[in-house]
Amino acid sequence: MPKTTPASTTPDGMLTMQIDKQTIILEVFFNHDSKETFQDKLLRVILAENLIEC
C-alpha cells in the first residue's frame, strides 16, 4: 500500500500499539485551521460507529 503524507511531514502525534508480534504505528495529523476540536471529531466518530452497529 503506498504511503501518502500531508503537506506537513511532521506528525502532531503518534500512537503505537502491539498485538502479538505485530506493531502498529499511527501518525496523527491535525488541520490547525479547523474550528472543530479533536474531542468533537472523536465524539462524531464514536456516534457514527454506534449508529452503524445498531
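Go through segment 6-20 and report how many residues are surrounded by 10 or more Cβ atoms within 10 Å (Cβ to Cβ), at pLDDT 85 or above and assigned to a loop (DSSP other than H, G, I, E, B).
At the first step, the residues of segment 6-20 found to be surrounded by 10 or more Cβ atoms within 10 Å (Cβ to Cβ) are 6, 8, 11-13, 15.
Filter again for at pLDDT 85 or above, leaving 11-13, 15.
Cutting the leftovers down to assigned to a loop (DSSP other than H, G, I, E, B) gives us 11-12.
Total meeting the criteria: 2.
Collect the residues in segment 21-36 that are open to solvent by less than 100 Å² (accessible area, probe 1.4 Å) and aliphatic (A, V, I, L, M), keeping them in residue-number order. Result: 24, 26, 28.
Picking from residues in segment 37-54 that are at pLDDT below 90 and either touching a helix residue (DSSP H, G or I) at 6+ places or on another chain (Cβ under 6 Å) or among the acidic types (Asp, Glu) (or both), the one that is most open to solvent (accessible area, probe 1.4 Å) is 53.
The values are calculated or read from the model by the stated rules, or taken from the named source; none is laboratory data. It should be emphasised that the depicted structure is a prediction, and the values quoted were computed from it without experimental measurement. In this analysis, Cβ positions are derived from the backbone assuming ideal geometry, glycine residues included, and neighbour counts consider all displayed protein chains. Heads up: the accessible areas ignore ligands, DNA and RNA and are worked out on the full protein's heavy atoms, side chains in. Shrake-Rupley method; radii C 1.70, N 1.55, O 1.52, S 1.80 Å.
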